[in-house]
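Before any comments, here is the structure.
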Amino acid sequence: MAILNVLTFPDDRLRTQAKPVSQVDDSIRTLVADMFETMQAEKGVGLAATQINVHKQVIVMDVSDDQDTPLVFINPKIDAQSGTKINEEGCLSVPNNYAKVERAETVTVTALDAQGEQFTVTAEGLLAVCIQHEMDHLQGKLFVDYLSPLKRQRIMKKLEKEARLAAKA
Ligand code: NI
């Protein structure tokens, strides 16, 4: 397994559309294992392959308190959604910045698991937020895109400054 580099906003590669996985094979399972290791090292609750510059429709997630309920979504599709709810979101690609985003309250999603088996889950709460957030990544979209241009600009400048300082250190 390996810990992979997570791309940071405003990196253009985060804007890439991920392609569907044609076959869930060992290379995909290795990707999934590396993504879990990366997510845990970065203390995240979800990670999309886009964020590690792999443009395949693969998401890993664990929203449980004890980090003992790993979930894998390959080629996810939203079948149904209802309600709206505003939640505070963060993102490993937008480190140390949080903002309120409106999402569907409940989503039903169909995807393949790491064995290539299809499953359908109806989610609410943090799981529903996380599914929508990570599926956005696969479309090249970030939570900051929901914010006002001013707020987005402010976050971008802050992260660019931090990146410059980190490069000098
Ligand atoms: Ni994210």
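Bear in mind these aren't lab numbers, they're just calculated from the coordinates by the rules spelled out. This one's a predicted model, so the numbers in the text were calculated from it and none came from an experiment. Cβ sites come from the backbone with ideal geometry, for glycine too, and all protein chains shown count toward neighbours.
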Summing -39500 (n - 2.57) over every DSSP H run of at least 4 residues in the chain and dividing by its residue count gives a helix-only mean residue ellipticity at 222 nm, to the nearest 500 deg cm²/dmol, of -10000 deg cm²/dmol
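By per-residue mean of other Cβ atoms within 10 Å, what is the highest-first order of 45-55, 86-96, 60-70, 31-41?
Values: 45-55: 23.1, 86-96: 17.0, 60-70: 14.4, 31-41: 18.7.
The packing order, highest mean first, is 45-55, 31-41, 86-96, 60-70.
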Starting from the Cα of MET156, move 7 Å in the Cα-to-Cβ direction to define the label point; list residues of the range 71-105 whose amide nitrogen is under 15 Å from there. 94
Estimated inter-spin distance, ALA2 and ARG29, nm [label 7 Å along Cα→Cβ]: 1.9
Taking R0 as 25 Å, what FRET efficiency do you get between THR122 and SER64 from their Cβ-Cβ distance, rounded to the nearest 0.05? 0.90
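Rounded, prolate or oblate, given the Cα gyration tensor of the range 46-101, with a/c below 1.5 counting as rounded? Could you put the intermediate results ahead of the total?
On the way: a/c = 1.29, a/b = 1.09, b/c = 1.18.
Taking the square roots of the gyration eigenvalues as a ≥ b ≥ c, the range 46-101 is rounded.
Any idea what the dipole of the range 3-126 comes to, in debye rounded to 20, about its Cα centre with Lys/Arg Cβ at +1 and Asp/Glu Cβ at -1? Show your work: numbers first, answer last.
Numbers: 10 positive and 19 negative charges, 107 e Å.
So the magnitude is around 520 debye.
Looking only at the chain, where both bridge partners belong to it, what percent of the DSSP beta bridges are antiparallel (to the nearest 5)?
Details: 25 of 26 bridges.
Rounded to the nearest five, the antiparallel share is 95 percent.
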When you count, for each residue, the other Cβ atoms within 10 Å and take the mean per peptide, how do 4-15, 144-155 rank with the highest first? 4-15, 144-155
So how far, in whole Å, is the C-alpha centre of the range 69-114 from the one of the range 1-37? 17
Cross-link partners of LYS77 among lysines (Cα-Cα below 28 Å; sequence separation of 8 or more within a chain): LYS19, LYS43, LYS56, LYS85, LYS100, LYS141
Shape call for the range 1-126, from the Cα gyration tensor axes a ≥ b ≥ c (a/c under 1.5 means rounded, otherwise prolate when a/b beats b/c, else oblate), comes out rounded
